[in-house]
1. Contact order normalised by length for the chain, with contacts defined as Cα pairs under 8 Å and 6 or more residues apart; what percent is it?
2. Give me, ordered by chain and number, the residues 5 or more places off Leu237 or on other chains with an amide H under 5 Å from its own placed amide H.
3. If r is the Cβ-Cβ distance from Ala194 to Lys24 and R0 is 22 Å, what FRET efficiency results, to the nearest 0.05?
4. At a 10 Å Cβ-Cβ cut-off, how would you order Val161, Val79, fewest neighbours first?
5. Where the eigenvalues come from the Cα gyration tensor of the chain, what are the semi-axes √(5λ) of the equivalent ellipsoid, largest first, in whole Å?
6. Please arrange Phe190, Phe238 by counting, for each residue, the other beta carbons lying within 10 Å of its beta carbon, fewest first.
7. Taking the chain as the reference, fit the longest principal axis to its C-alpha atoms, fit the long axis of helix 74-88 to the helix C-alpha atoms, and give the angle between the two in degrees, 0 to 90, nearest 10.
8. Ranking Lys195, Lys24, Lys230, Lys45 by Cβ neighbours within 10 Å, fewest first, what do you get?
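Laboratory data are not the source of any read-out in this text; all were calculated from the coordinates shown. Quick caveat: nothing in here was measured; it's all calculated off a predicted structure. Here Cβ is always computed from backbone atoms with ideal geometry, including for glycine, and neighbour counts include all displayed protein chains.
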Amino acid sequence: MDNRQIGIFDSGVGGLTVTAAIAKLLPHEHLVYLGDTARLPYGTKSAETVSRYAVQATHALMRFDVKLIVVACNTASAVALPVLTAALSPVPVIGVVEPGARAAIDATRNGRIAVIATEGTVRGGAYVRAIHALKADAKVEQKACPLFVALAEEGWTEGDVPESAARRYLSDMFAQQNAPDTLVLGCTHFPLLAKAIAKAAGGGVTLVDSAETTAREVARLLDEHGLQRKGPAERALFLATDAAERFARVGSQFLGNAIAPDQVELIDLAP
């Protein structure tokens, strides 16, 4: 039994989809979430900048005596995970890329996998490497879909606008012969647009939600190392680096539960 908290980090509120999945699967765990809202988005920044920001943010979480760090940001997982693993040792660090890659390999029937993500995640190629490490002959196509992030944060998750954007991004990829049969939602914002994305991809395409796959990886690691929390559930703690009111308002959509502004603590990550 280990009653310490699980620390979860993202550049903004998107990682709250991962938080929601962990809370659903592991309701007794105590979660502390940090969104670096002052410096988002990470998806358009250099790998060096993302790594520096990620180290600062996760060091802030370490002050809460966490037993595990979840990097609920695809961009940071793609470029900063080795740096974070070394910097935070012996505390385990889990990213969202490898669990998503494993789920995609398990789901595909024709060995063709599509990945949609931010520009930074696509440019870094982390999903391609992770998928090929598990299945060298897999065919992987990537597509940057940055507009999905804005649509999710505006709450425009269903209807003509997201469906039109999804068609624009995905129609060529899924209209071809031997199209991918599996689509990885490689950004934590994208599950909110899953209906529009699935409609554009077409029937028979399996969507892989990295939030759910990461939650299962957290459960596996806690069980493997005897780190489960046995006490009663506690209310999650939310930290942000800017705009607590907006974090609460927009974050409520991603978490699936209301967040009051007074539940969000502002912190400074300046070195």
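1. Rounded, it is 28 percent for the chain.
2. Placed amide hydrogens put Leu31, Val32, Tyr33 under 5 Å from Leu237.
3. 0.85
4. On the way: Val161 14, Val79 24.
The most exposed by this proxy come first: Val161, Val79.
5. Numbers: eigenvalues 166, 85, 61 Å².
Here the semi-axes work out to 29, 21, 17 Å.
6. Working: Phe190 28, Phe238 25.
Ranking Phe190, Phe238 by Cβ neighbours within 10 Å, fewest first, gives Phe238, Phe190.
7. 40
8. Values: Lys195 15, Lys24 12, Lys230 8, Lys45 19.
Ascending number of Cβ neighbours within 10 Å: Lys230, Lys24, Lys195, Lys45.
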